[in-house]
Amino acid sequence: MATTTLILGGGVGGQIAANELRRRLSSEHRIVLVERNAQHAFAASFLWLMTGDRRPEQITRDLRDLLIPGIDVVRAEVRAIDVGARRVETSAQTFAYTYLVIALGAELAPDAIPGLAEGAHSFYTLDGAARLRSQLETFSGGTVALVVAALPYKCPGAPHEAAMLLADFFRRRGLQDKVEIHLFTPEPQPMPVAGPHLGDAVRRMLEERGVLFHPMHKLTAVEPDAGKMCFEERPPAGYDLLVAIPPHRAPALVRNAGLTNEAGWIPVDPRTLATRHERAYALGDVTAIPIPGRWKPDVPLMLPKAGVFAHAQALVVADRIAAEVAGREATDTFCGEGFCVLEAGRHAAGVAYGDFYAEPSPRIHVRTVGRSWHLGKVLFEQWWLGRTGIRGAMLESALKIGSRVAGIPVTL
């Protein structure tokens, strides 16, 4: 019997799930991807857009060009999900589905903190990174403050990368002695989910580049006119240029559909990505997946929100749906492995990788900062944005060979 798999969201997870399902299922089975944006922007390159190393047109592609033939792409807003009736209402039409894959990501919510939207720039969107680049071009000196406004947030390495890339940006402009860069976060260390070894390594990287790191600073308000940030139980701090990682939240429609937990994210089976509703999966940033260990005595660790995990999860979801359609037992599971390439400036980067499901806590390995890791990140960017044709195949082969040599598992 013919089936319809409805995929909500055309980001990393949605694209991989759609392409893999199309490869695995015969043409009688319909694959529908609903996405409001016609253009896909590669978020991992927003930092390079911020520093002027990329232009917007270099890191965007028509979404349809990144999907293989045979996928129905519907450009529309998702308005409501009814998992009981297996129906989804969009601004274009209402769809009935056999299988549902929710890959809607996380929304930015700068309005959640008074004054943040008015007082801060952000590189977490394409337009925001471009505006910040324009601001940086005219910045001649003073205090640059980067602040993690709330937890959780996408790409746990991004704030530290941004600080180091900004330090390099001002060094190249000859302003290193006229600019102070401060990084504030409510976390006790950089990237605490990865453990103290990685945290210490990133802290040293920041110090070597002159970045002042301020842990345990929970932002409560921003006063744009005074150029001041207010923190819970901490003295206020001033700034001349404020760059924020805004609070994140799941889209309202998944909360309204009763899909979320108390924290506002969709709980899923850590191995299969199945929700508590039959034939409904969720993956990527919209999910909440507890992992071994605790951030605080009363706060469990959660799997970071990162594209590398959405990519791997989408492969698992596609395999499980295809297996059920074919009438065979689904065996593929998400193993919890992932990696992060951390840009450090001067065309160099560090890398951390490991098993986030390891007991009793994530087992993470750190590699020395070097130019080869930066090149690997550039190659991945080029592969992602040009996955079709001979060039895409050549880049994929190079990435697979590189990952084997480096000993880092990378699934493409």
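The values are calculated or read from the model by the stated rules, or taken from the named source; none is laboratory data. Note that the structure is predicted; figures quoted are calculated from it, not measured. Heads up, the Cβs are rebuilt from the backbone with ideal geometry, glycines too, and the neighbour counts pull from every protein chain shown. Note: areas computed on protein heavy atoms with side chains; ligands, DNA, RNA excluded. Shrake-Rupley method; radii C 1.70, N 1.55, O 1.52, S 1.80 Å.
Is it true that Ala103 is modelled with pLDDT of 95 or more, surrounded by fewer than 20 Cβ atoms within 10 Å (Cβ to Cβ) and of a type in the set (A, V, I, L, M, F, W, C)? No, not satisfied. Could you say which residue among Gly119, Gly142, Gly128, Gly115 is in contact with a strand residue (DSSP E or B) (Cβ under 9 Å, 6 or more places away or on another chain) and within 30 Å of Ala314 (Cα to Cα)? Among Gly119, Gly142, Gly128, Gly115, only Gly128 is in contact with a strand residue (DSSP E or B) (Cβ under 9 Å, 6 or more places away or on another chain) and within 30 Å of Ala314 (Cα to Cα). Pairs only if they're at least six apart or on different chains, beta carbon under 6 angstrom, first in the stretch 339-368 and in contact (Cβ under 8 Å) with a residue 60 or more places away in the chain, second open to solvent by 80 Å² or more (accessible area, probe 1.4 Å); list them, first residue then second. From residues that are in contact (Cβ under 8 Å) with a residue 60 or more places away in the chain, the pairs are Gly354/Arg363; Gly354/His365. Could you list all residues from the stretch 242-288 that are in a strand (DSSP E or B) and either of a type in the set (Val, Ile, Thr) or under 16 Å from Met302 (Cα atoms) (or both)? Val243, Ile245, His248, Arg249, Ile266, Pro267, Ala282, Thr287, Ala288 - these are the residues of the stretch 242-288 that are in a strand (DSSP E or B) and either of a type in the set (Val, Ile, Thr) or under 16 Å from Met302 (Cα atoms) (or both).
Of everything listed in (1) on the phi > 0 side of the Ramachandran plot; (2) at pLDDT 95 or above, the single unmet condition for Leu242 is (1).
In the stretch 208-226, which residues are free of Cβ contacts under 8 Å to residues at least 40 places away in the same chain and farther than 18 Å from Val148 by Cβ? Glu208, Asp225, Ala226, listed by residue number. Within the stretch 48-56, is there a residue that is of a type in the set (Lys, Arg), part of a loop (DSSP other than H, G, I, E, B) and either in contact with a His (Cβ under 8 Å, 6 or more places away or on another chain) or under 22 Å from Glu161 (Cα atoms) (or both)? Yes, there is a match, as at least one residue in the stretch 48-56 is of a type in the set (Lys, Arg), part of a loop (DSSP other than H, G, I, E, B) and either in contact with a His (Cβ under 8 Å, 6 or more places away or on another chain) or under 22 Å from Glu161 (Cα atoms) (or both).
Looking at the stretch 1-18, which of the residues that are open to solvent by 10 Å² or more (accessible area, probe 1.4 Å) and either among the hydrophobic types (A, V, I, L, M, F, W, C) or more than 19 Å from the chain's Cα centre (by Cα) (or both) is farthest from Ala318 (Cα to Cα)? Per the criteria, the residue is Met1.
Scanning the stretch 19-30 for residues being in a helix (DSSP H, G or I), in contact with a strand residue (DSSP E or B) (Cβ under 9 Å, 6 or more places away or on another chain) and either open to solvent by 40 Å² or more (accessible area, probe 1.4 Å) or of a type in the set (S, T, N, Q) (or both) gives a total of 1. Within the stretch 79-100, restricting attention to residues that are open to solvent by less than 20 Å² (accessible area, probe 1.4 Å) and assigned to a strand (DSSP E or B), the residue that is farthest from Ala274 (Cα to Cα) is Thr90. Restricting the stretch 129-143 to residues that are touching a residue at least 24 places away in the same chain (Cβ under 8 Å) and closer than 27 Å to Gln58 by Cα, which is farthest from the chain's Cα centre (by Cα)? Ranking the candidates gives Phe139 first.
Against the list (1) at pLDDT below 90; (2) within 21 Å of the chain's Cα centre (by Cα); (3) among the charged types (D, E, K, R), the condition Arg404 fails is (2). Comparison of Pro235, Pro247, Pro304, Pro297 shows that the only residue that is farther than 26 Å from Ser122 by Cα and either in contact (Cβ under 8 Å) with a residue 60 or more places away in the chain or more than 21 Å from the chain's Cα centre (by Cα) (or both) is Pro297.
Test each condition in (1) surrounded by fewer than 17 Cβ atoms within 10 Å (Cβ to Cβ); (2) of a type outside the set (S, T, N, Q); (3) in contact with a strand residue (DSSP E or B) (Cβ under 6 Å, 6 or more places away or on another chain) for Arg234 and report the one that comes out false. If we test Arg234 against (1) surrounded by fewer than 17 Cβ atoms within 10 Å (Cβ to Cβ); (2) of a type outside the set (S, T, N, Q); (3) in contact with a strand residue (DSSP E or B) (Cβ under 6 Å, 6 or more places away or on another chain), just (3) comes out false.
Of the candidates Val268, Val222, Val211, the single residue that is over 22 Å from the mean Cα position of the chain (by Cα), over 18 Å from Ala167 (Cα atoms) and crowded, with 19+ Cβ neighbours inside 10 Å is Val222.
A quick yes/no check of all residues on (1) over 22 Å from Thr220 (Cα atoms); (2) out of contact with any helix residue (DSSP H, G or I) (no Cβ under 6 Å at 6 or more places or on another chain):
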residue: Ser140; (1), (2): yes, yes
residue: Val147; (1), (2): no, yes
residue: Pro156; (1), (2): no, yes
residue: Pro159; (1), (2): no, yes
residue: Ile181; (1), (2): no, no
residue: Pro186; (1), (2): no, yes
residue: Gln189; (1), (2): no, no
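When Leu175 is tested against (1) surrounded by 19 or more Cβ atoms within 10 Å (Cβ to Cβ); (2) outside any helix (DSSP H, G or I); (3) in contact with a Gly (Cβ under 7 Å, 6 or more places away or on another chain); (4) of a type in the set (A, V, I, L, M), just one condition goes unmet, and that condition is (1). Of all residues in the stretch 343-368, those satisfying the criterion of being in a strand (DSSP E or B) and surrounded by fewer than 21 Cβ atoms within 10 Å (Cβ to Cβ) are Ala348, Asp355, Arg363, His365, Val366, Arg367, Thr368.
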